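> Dropping the structure in here first, questions after.
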Amino acid sequence: QVQLVQSGAEVKKPGASVRVSCKASGFTFTAYYIHWVRQAPGQGLEWVGWINLSSGGTKYAQNFQGRVTMTRDTSITTAYMELTRLISDDTAVYYCARDETAAPGLSFEYWGQGTLVTVSS
Amino acid sequence: DVVMTQSPLSLPVTPGEPASISCRSSRSLLYSNGNNLLDWYLQKPGQSPQLLIYLGSNRASGVPDRFSGSGSGTDFTLTISRVEAEDVGVYYCMQGLQTPYTFGQGTKLEIK
């Protein structure tokens, strides 16, 4: 069965960086895209960006340009999201989600369990 | 960016009664292939979001048939024909037309 298992909670100081991982199993890793979506405490969902698990190509939301980097390691079927220069507003649960196309009409059928990133001095 | 607006934001419902949630987008989500690029997700308490409806009206795998999606262009509706206790949570619509993909604010369904 399809599974996306994320790394554990992180606590970081302002200005630091965080890397969250998303271990995939149960499907052909390089046939899909992984998107990252975040949710601040008590708030709604915000799309961060995607990575093509085959080519490594990426697309990021403008709000995160220059601070986010998405990568993947095909040998261990794991995708990563790194966010730098953290501020308190980056405190959120970060989800990875699988998509087939990253094209108009995409849907997120499978989600990871979420990783809480807390930014606090 | 495409702005997604949901209403109501809070929805108390008696079990067995119907419920509906509205979602409006700031631009048409009707794509050139005839599909409406609108999904519905449910986030149950303490859980990750789960896909309910894709392309406006198609139920995702395993979703009960009491859930249905309708609408076209800029106006969409999620309908639950008979609400059950397990349906509590926050419902989000999301546009899949263009990046950044954007979500509605969420509608919290609770049982009366």
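> Any idea which residue in the range A:53-64 is surrounded by the most Cβ atoms within 10 Å (Cβ to Cβ), counting only those that are more than 12 Å from the chain's Cα centre (by Cα) and more than 11 Å from chain B (Cβ to nearest Cβ)?
Among those residues, the one meeting the criterion is A:Leu53.
> Return the residue satisfying two criteria in turn: it lies in the range A:16-52 and is among the basic types (Lys, Arg) and within 13 Å of A:Arg72 (Cβ to Cβ), and of such residues it is farthest from the other protein chains (Cβ to nearest Cβ).
Here the residue is A:Arg19.
> Here's something else I'd like to know. In the range A:96-121, what count of residues is obtained for those that are assigned to a loop (DSSP other than H, G, I, E, B) and either within 14 Å of chain B (Cβ to nearest Cβ) or within 13 Å of A:Cys22 (Cα to Cα) (or both)? Walk me through it before giving the result.
Kept after step one, since they are assigned to a loop (DSSP other than H, G, I, E, B), are these residues of the range A:96-121: A:100-109, A:112-114, A:120-121.
So of that shortlist, the ones also either within 14 Å of chain B (Cβ to nearest Cβ) or within 13 Å of A:Cys22 (Cα to Cα) (or both) come out as A:100-109, A:112-114.
Going through the range A:96-121 one residue at a time, the tally reaches 13.
> State the number of residues belonging to the range B:1-24 that are open to solvent by less than 30 Å² (accessible area, probe 1.4 Å) and either within 11 Å of the chain's Cα centre (by Cα) or at the interface with another protein chain (Cβ under 10 Å from one of its Cβ atoms) (or both).
4
> I'd like the residue in the range A:1-15 that is hydrophobic (A, V, I, L, M, F, W, C) and closer than 20 Å to A:Thr77 by Cα and, out of all such residues, is surrounded by the most Cβ atoms within 10 Å (Cβ to Cβ).
A:Leu4
> Hey, another quick one. Before we move on, is B:Cys93 open to solvent by less than 10 Å² (accessible area, probe 1.4 Å) and more than 18 Å from A:Arg98 (Cα to Cα)?
Here the answer is no, as B:Cys93 does not meet what is asked.
> While we're on this one: Return the residue satisfying two criteria in turn: it lies in the range A:96-121 and is touching a residue at least 60 places away in the same chain (Cβ under 8 Å) and of a type in the set (S, T, N, Q), and of such residues it is least open to solvent (accessible area, probe 1.4 Å).
A:Thr115
> Here's something else I'd like to know. Residues of the range A:79-95 being more than 14 Å from chain B (Cβ to nearest Cβ), open to solvent by 10 Å² or more (accessible area, probe 1.4 Å) and in a strand (DSSP E or B), which ones?
A:Tyr80, A:Glu82
> Tell me, which strands (runs of 3 or more DSSP E) wholly within the range B:25-112 include 3 or more residues that are in contact (Cβ under 8 Å) with a residue 40 or more places away in the chain, touching a strand residue (DSSP E or B) at 6+ places or on another chain (Cβ under 7 Å) and more than 10 Å from chain A (Cβ to nearest Cβ)?
Answer list for the range B:25-112: B:75-80, B:89-95, B:107-111.
> Within the range A:54-78, how many residues are among the β-branched types (Val, Ile, Thr) and assigned to a strand (DSSP E or B)?
5
The values are calculated or read from the model by the stated rules, or taken from the named source; none is laboratory data. Because the structure is a prediction, the values reported are computed rather than measured. Here the Cβ is made from the backbone with ideal geometry for all residues, glycine too, and neighbour counts use every protein chain on show. Ligands, DNA and RNA are excluded from the accessible area calculation, which covers all protein heavy atoms including side chains. Shrake-Rupley method; radii C 1.70, N 1.55, O 1.52, S 1.80 Å.
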